[in-house]
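Below: one structure, written as structure tokens.
Derivation of every value follows stated rules applied to the coordinates shown; laboratory data play no part. Computed from a predicted structure; not experimentally measured. Cβ placement follows ideal geometry from the backbone for every residue including glycine, while neighbour counts extend to all protein chains displayed.
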Amino acid sequence: MKVCLALSGGAARGAYHLGVLAALEENDIEVVAISGSSIGAIIGASYASGVSPEEQLEIFRSKTFKKAFKFHSLRNGFLRIDKQKEILKELVPVERIEDMRIKLYVTTIDLYSGNIMRFDRGDAVSLCVASGAVVPLFKPVAYEGYHLADGGIMDNLPVEPLLQYGFPIFGVDLHPQQSGFTNSFSGIVKRTLFLLWRASVQRQISQCDLYITDEKLTGYSLFRLKKLQEMFDLGYEKTRLLTYY
């Protein structure tokens, strides 16, 4: 069976995507195209480059990765990521998107024009960094005359590029519906981001042949690289038990 995958953003919860991919492989599901935003773009690019879900998980769990991706406290109103390109080269060994073994679409937004930008060719690492640049938490990425930022702000479950293929579309969403927030600066920022991301997926959900998420994801932090194995297992079990295929 052949399918297309839309992978949402969701920072550290991306380990759930890896579990989904592992279960699809186990069920002999061939992924012919991937469209991703933010961490979904990074994991999609890595998988399209030939890096297995298990190999990706080991990289995410490594001291090198945790040192490079320093998700600092939100108390000062910003996050900082150091040396992200170096470690991403290990995750995404194929330099150009158009040279990958699986068709890939990286979703970003151009801050200047306000347009959603979908790249199916170009420098993979630079575009993956751009897709995950949540403004104002991270600086936008200058790329070929554009000022690119996190695609999840406007299209966090980027289904549209996959409609042309005619294969079932599986959408994997790292932001299940939830209510309430912590009345602190970090709590307000996280809640605001959630509402932006959630608003951007409502129409896309209806375009998916299979929508995969889990309310248990709300119990996992977006910005802490802990419990990655638990989230991997959650995605794996959820997908393994599905009856669509």
Long-range amide H partners of residue 167, meaning residues 5 or more apart or on another chain whose placed amide H is closer than 5 Å, are none
Projected onto the charge dipole of the chain (unit charges on the beta-carbon of Lys, Arg, Asp and Glu, signs +1, +1, -1, -1), the Cα from 161, 210, 129 with the largest positive-side position is that of 129
Here, residue 118 and residue 89, labelled 7 Å along Cα→Cβ, have an inter-label distance in nm of 3.1
Across 183, 115, 156, the residue with the highest GNM fluctuation in the chain (Cα network, 10 Å cutoff) is 183
Between residue 52 and residue 215, the two model label points (7 Å from Cα along the beta-carbon direction) sit apart by a distance in nm of 3.5
Pseudo-spin-label distance residue 139 to residue 186, built 7 Å along Cα→Cβ, given in nm, is 2.4
Amide H neighbours of residue 105 at under 5 Å, excluding residues fewer than 5 places away on the same chain, with H built from the backbone geometry, are 34, 35, 36
Given pairs 89/238; 67/139; 63/238 and cut-off 24 Å on Cα-Cα distance, the over-length ones are 89/238; 63/238
Magnitude of the Cβ-charge dipole (Lys and Arg +1, Asp and Glu -1) of the stretch 2-240 about the Cα centre, nearest 20 debye, reported as 1100
Sorted on mean Cβ neighbours within 10 Å (highest first), peptides 100-113, 136-149 come out as 100-113, 136-149
Given 8-18, 198-208, the highest-first ranking by average Cβ count within 10 Å works out to 8-18, 198-208
Here the gain from full extension of residue 205 to residue 233, 0.36 nm per residue of separation minus their alpha-carbon distance, amounts to 7.8 nm
